[in-house]
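Readers should treat all values here as calculations from the given coordinates under stated rules, not as data from a laboratory. Keep in mind it's a predicted model, so treat the numbers as computed, not measured. Using ideal geometry, Cβ is built from the backbone for each residue, glycine included, and neighbour counts are taken over all protein chains shown.
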Amino acid sequence: MKENKLYYGWLSVLGVFIVIGLVAIIRIFVEGHGALFHTDDRVPWTLLLAAYVFFVLTSTGVTLVASLPQVFGMKQFEPIAKRSIFIAIAALIAGFISMVMELGSPFKMVYYMISPNLASPIWWMGLFYGLLLVFLLVKFYKMHIGDWHSKFSKFLAVGTFIIEIAALSTLGLVFGLIEARPTFFGEYIQVYFLFTAFLSGLAAIMLFSLVYFKVTIGKIPEEQESLFNNIAKIFTAVIAITFVFTIWRATVGLYANRAEFSNIQFVLNSLPYQLEIFVGLMLPLGLMLVVKIRNSFTGKVLASTLVILGLALGRMHLLMAGQIVPIMPKLTIDQEILFYFPTIWEWVVSLFSFAVMFLIYTLGEKYLKLGDVPKKVA
């Protein structure tokens, strides 16, 4: 009875966010993207694009986790493979919702499909993430009917892995090829996306799985304790690598003697960046370095929650960092810094995307047996 009350209460909360989000979406379609979002010619990208990056990188990261048993033969990770694939599907759908709302009209997606630009990284990014969703759906179906290791199922696993790497690479190119915005330009962004995608994937599978276990049976199943302890070790290492890499990038930006990098000090002093570093990376790393905390249920849940929150803030400040210095014919070190803060409508639609992701996952956990493993393992 308690579980049912919690379940329906959770669905009610998600329903409220979805209804409010639908109202916002109708207003966007009626009044227009520009009327409700804090965007103009100088700051063209909004919170919705940051949400898109967060969702698709999380989807990519969870798919990477699912690839450990499916592609690389690490059978000990099979108990989380099906759940990982489904979380990846839910996150990718949420990402597509955010992108459609960022574009302001679903008809623009139609134009994208009927007028391809093969020289555009954005076009290839859309193609690869679209293919990724198809492969994930088919792979999940095969797993759901018990077909984990047939030739076709293995083909789907390898194909999904290849497509996700291609999608991740083209997403990095979308930002990394923008020479006019040096904060984005270069190879750093692709490496950063790779590390943070895997980090968010590990955090998501730990958080979703452990919360589900707590709600349904009150603890981690004994046969999976060692699995999640091993995931926590990998998680700790990836946090450390991401933290060091982020600090290196900030240091390079501080020493850059170009007007286009005049925003770096402003970004480093901003609240989102400080929260990403101290709350989203340093605090979880400190927790995970303590073995007793790392092996505890509370420690894993707290650290993964903090990492996800930190990465969400990181997507926002990363996107804004490249836009707050306007593109001008001639820049100076004391160049104007543009101000951006999302409107209430941007927040509402972003929360709508989160609610859709959580709703899809919740229903999947309820009806699709996401904890299934291959019969020979069970």
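Summary of computed values
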| quantity | calculated |
| --- | --- |
| Mean shadow area of segment 125-173 over all directions, Cα convex hull, nm² | 2.9 |
| Translational diffusion of segment 15-362, µm² s⁻¹ [Kirkwood Rh, Cα pairs; Stokes-Einstein; 10 °C; 1.306 mPa s] | 76 |
| Exposed GluC sites (Glu not before Pro) absent: longest stretch of the chain, with sites in DSSP loops and at most 15 other Cβ within 10 Å deemed exposed | 1-178 |
| 222 nm mean residue ellipticity, helices alone, for the chain (DSSP H n ≥ 4; -39,500 (n - 2.57); rounded to 500) | -24500 deg cm²/dmol |
| Label-point separation, Ile234 to Trp10 (7 Å along Cα→Cβ), nm | 2.4 |
| Packing rank of 235-241, 309-315, 141-147, where each peptide gets the mean count of other beta carbons within 10 Å, highest leading | 309-315, 235-241, 141-147 |
| Exposure proxy order (Cβ contacts within 10 Å, fewest to most) of Trp148, Trp123, Trp10 | Trp10, Trp123, Trp148 |
| Calculated log₁₀ intensity ratio I(q)/I(0) where the Debye formula runs over C-alpha points of segment 1-119, q = 0.13 Å⁻¹ | -0.75 |
| Net dipole in debye of the chain [+1 Lys, Arg Cβ; -1 Asp, Glu Cβ; about Cα centre; nearest 20] | 1180 |
| Peptide ranges 67-78, 278-289 listed from the most packed, as the mean C-beta count within 10 angstrom indicates | 278-289, 67-78 |
| Dimensionless Rg ratio for segment 91-195, taking C-alpha atoms and the 2.2 N^0.38 Å reference | 1.23 |
| Spherically averaged projected area in nm², based on the convex hull that wraps the Cα atoms of segment 3-57 | 5.3 |
| Positive-pole candidate from Phe55, Ile28, Leu359, dipole of the chain, charges at beta carbon | Leu359 |
| Calculated from backbone phi, Karplus (6.51, -1.76, 1.60) coupling profile of segment 243-252 in Hz, x at Gly/Pro | 4, 4, 4, 5, 5, 4, 4, 5, 5, 4 |
